[in-house]
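Notes follow the structure.
Here, each number is a calculation from the coordinates, and none is a lab measurement. Note that this is a predicted model, so its numbers are computed, not measured. Because the Cβ atoms are built from the backbone with ideal geometry, glycine has one as well, and the counts that use them run over all protein chains shown.
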Number of protein chains: 2
Amino acid sequence: MGQSGQVTTSTRIVLASRPHGEPTDDNFRTEHVELPEPADGEALLQTLYLSLDPYMRGRMSDAKSYAAPVEIGAVMVGATVSRVLRTASDAVSEGDIVLGYGGWQSHSVEKVAHLRRIDPGAGVPVSTALGVLGMPGFTAYAGLRNIGRPQPGETVAVAAATGPVGSAVGQIARLKGARTVGIAGGPDKVAYAKELGFDVALDHRSETFADDLKEAVPGGIDVYFENVGGAVWDAVLPRLNPFARVPVCGLVAGYNATSLPEGPNRAPALMGAILSKSLLVRGFIQTEFAAEQTPDFLRDMTGWIADGSVQYREDIVDGLDQAIEAFRGLLKGRNFGKLVVRVSE
Amino acid sequence: MGQSGQVTTSTRIVLASRPHGEPTDDNFRTEHVELPEPADGEALLQTLYLSLDPYMRGRMSDAKSYAAPVEIGAVMVGATVSRVLRTASDAVSEGDIVLGYGGWQSHSVEKVAHLRRIDPGAGVPVSTALGVLGMPGFTAYAGLRNIGRPQPGETVAVAAATGPVGSAVGQIARLKGARTVGIAGGPDKVAYAKELGFDVALDHRSETFADDLKEAVPGGIDVYFENVGGAVWDAVLPRLNPFARVPVCGLVAGYNATSLPEGPNRAPALMGAILSKSLLVRGFIQTEFAAEQTPDFLRDMTGWIADGSVQYREDIVDGLDQAIEAFRGLLKGRNFGKLVVRVSE
């Protein structure tokens, strides 16, 4: 294993067609191709772990967005932890474990300049470079640091509270002295949110959710970290305090939507709340802050994991052939923790 | 005139009932009361000019907002320029002209500590303390300085472009090196927006407005100063560039709305745009910045008026008995320039 001499083909999942609503099997195609060779400055990598994240649904569509869509016939994009099989650069060595953007495939050729070496002896699984120590963890860190800015004694709420972003948001906010409210789907996730240290954990599937939330935050909400959208946002908006901050990093509840929801049109009410409560609502993609703040993040988060003040949970699925079904589940909240595909060992 | 000995009664307009939709005559009541006496630290003022502003519609309702509603039976609130008739404080003298918050009445008693003396010899009418040198001008100044932050070469758009806030936004943004797009209602206002120096002036009443806007901003919009809402905002949203900033200081188009507009529900699309374009949308009330930045504003704006780089226009209505009808017109955009009631001379 890991000896490239024994492997001659690569398996990859490409975008076959653009989904209308929930992605179906027909939107993907699995291909087997000859193992590519690295050119100068590149390395051939064997994928160990593939990250599955909600943003990928956006890349399957050609609607205008912050990132170009995946082209039809192109490999589905995704962050990966891989082992270097062959290198045409001195910057990495055969056998190194690296974080890259290899996509949904068993092997990838990447520019070495785009890779980050991972220390497999650091005391945490290398797959955490896709979760708590990777993009989702950094999204939480950067969104709170640059936009949410929780102050001691303030109340911070987040949905998908047991997911990789939400769980990091809650735990970082608690470390900053905030009271934390975790919102999750179903009793198991609510129980786990309590384990994670959320001061309050609520089930958004409960029929009384909006009332439960109102009761849980008598002093209102100062920061709502928005990664879900939909009905949770509708319930949170009336609870926001004057000068509340809303970092918006995801709206997974609507990613499969094929048309605007039925009326009434709540956009004027949303703008009205923004005005009457002097709200700050700010969309962001973690890449905006990554170059400047990743070193701080890795230092802080590694320390918090080491001293036990941040916990994390991974939901590991075995085999690239499980990626499509796992991804569909992700868009419905079926995963429990950071969803990662173990592609090889 | 100005001799308190000759006056024994004050005329005032109180809130008689809360409006449902557009305010009607029944929502107001005119009363004549005995002239009040100033207590220690107070002054009795004769109102010269009363400012009429869209925010007053909000104060007539008891919906939760940043400011307490006007109580039923209480005098309608409003900024005023007045003459001191009698004073029980050394801080002002009889005959001084002061900026206060006297409300819709011919006389008021105010705490002297809340008044700002106005120099009637400064070369501009004292009524400008209610407009370009007052709250509306400062709203433009503070919203651009703290939230919009236009950079040279960027495009700044604003609606109600001939109004006191919009005209200041456009002219300040131009001074900062931005390209400016003014949106106004009707050919007269569009022509005046061009006079004010807007690089582009568009009529939102035109059937082709959305297309006109698209054509006018091939490079997109970097700052949209939101003081109107409604259909203009719907047309602007698709034109916003990544990382655009949207200071929200008013939504006058919806102030008389009695229910949520018909569907589809555009709130998820709005949140989607905030996410996909990393927008900053921030509601604000100028009071948030007033204590710290008013001195800078008065220095800058006085200079700009003196050297001709900022123009202003007043729409002066004569007589307190005209206030109600003028206010209704304001909510429909019938005023042309800063709407002020001349209450006495």
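Just the number, please: percent antiparallel of the DSSP beta bridges in the protein assembly as shown, rounded to the nearest 5. So the antiparallel bridges in the protein assembly as shown amount to around 55 percent.
Here each label is just a point 7 Å from Cα along the line to Cβ, and for B:GLU31 and A:ASP188 those points are 6.5 nm apart. The simple spin-label model puts a point 7 Å past each Cα toward its Cβ; for A:ASP234 and B:ARG299 those points are separated by 5.1 nm. Karplus-derived 3J(HN,Hα) values for segment B:317-333, using 6.51 cos²θ - 1.76 cosθ + 1.60 with θ = phi - 60°, are 10, 9, x, 4, 5, 8, 4, 4, 5, 5, 5, 4, x, 4, 5, 10, x Hz; glycine and proline are entered as x.
Can you give the charge dipole size of chain A about its Cα centre, rounded to the nearest 20 debye, using +1 on the beta carbon of Lys and Arg and -1 on the beta carbon of Asp and Glu? Let's see the in-between values first.
Details: 32 positive and 40 negative charges, 186 e Å.
Its charge dipole is roughly 900 debye.
Ordering B:ASN27, B:LEU279, B:ASN227 by the projection of their Cα atoms onto the charge dipole of chain B, which places +1 on the Cβ of Lys and Arg and -1 on the Cβ of Asp and Glu, puts B:LEU279 at the extreme positive end.
Amide H contacts of B:LYS338 (H built 1.01 Å from N, in plane; Pro and chain starts excluded): B:ARG313, B:GLU314, B:ASP315 sit under 5 Å, all sequence-distant by 5 or more or on other chains. Within the listed set A:GLY185, A:GLY123, A:GLY143, the Gaussian network model of chain A (springs between alpha-carbon atoms below 10 Å) gives the highest mean-square fluctuation for A:GLY123.
Centre-to-centre, using Cα atoms only, segment B:110-171 and segment B:226-260 are separated by 20 Å.
Starting from the label point of B:ASP321 at 7 Å along Cα→Cβ, the same points in the other copies fall at 9.0 nm, in ascending order.
Spin-label model, B:ASP62/B:ALA291: points 7 Å from Cα along the beta carbon direction are separated by 3.1 nm.
Nearest beta carbon of chain B to the B-to-A rotation axis, with distance in whole angstrom: B:GLY263, 1.
About the centre of its Cα atoms, segment A:291-345 shows a dipole size close to 280 debye [charges on the beta carbon of Lys, Arg (+1) and Asp, Glu (-1) only; nearest 20 debye]. For peptide A:242-254, the mean count of partner chain Cβ atoms within 10 Å of a residue's Cβ comes to 3.
Using a/c under 1.5 as the rounded threshold, could you call segment B:135-283 rounded, prolate or oblate? The axes a ≥ b ≥ c are square roots of the C-alpha gyration tensor eigenvalues, and prolate needs a/b larger than b/c, oblate otherwise.
Values: a/c = 1.36, a/b = 1.18, b/c = 1.15.
It is rounded, given that a/c, with a ≥ b ≥ c, falls under 1.5.
Each stretch of four or more DSSP H residues adds -39500 (n - 2.57); spread over every residue of the protein assembly as shown, this sum gives -7500 deg cm²/dmol at 222 nm. Which distances, shortest first and in nm, link B:PHE209 to the matching position in the other copies, using label points set 7 Å out along Cα to C-beta? B:PHE209 label point versus its equivalents elsewhere: 3.6 nm. Helix B:164-175 and the longest principal axis of the C-alpha atoms of chain B enclose an angle of approximately 50°. Within the listed set A:SER51, A:SER106, A:SER206, the Gaussian network model of chain A (springs between alpha-carbon atoms below 10 Å) gives the highest mean-square fluctuation for A:SER206.
Inside 10 Å of the C-beta atoms of B:279-292, what's the mean count of C-beta atoms belonging to other chains? List each step's numbers first, then the result.
Details: counts 5, 6, 11, 9, 13, 6, 4, 0, 1, 3, 0, 0, 0, 0.
The mean count of partner-chain Cβ atoms within 10 Å per residue comes to 4.
Take A:ASP307, push a point 7 Å out from Cα through the beta-carbon direction, and compare it with the same point in every other copy: 5.3 nm, smallest first. With springs only between Cα atoms under 10 Å apart, run a GNM on chain A and tell me which of A:GLY73, A:GLY148, A:GLY250 wobbles the most. Of the options given, A:GLY73 has the highest mean-square fluctuation. Of all aspartates and glutamates in the structure, the ones whose alpha carbon falls short of 13 Å from that of B:LYS338, not counting any fewer than 8 places away in one chain, are B:ASP53, B:GLU314, B:ASP315.
Here the relative contact order of chain B, from alpha carbon pairs under 8 Å that lie six or more residues apart, stands at 17 percent. Peptide A:255-266 is shielded by partner chain Cβ atoms: per residue, an average of 5 of them sit within 10 Å of its Cβ.
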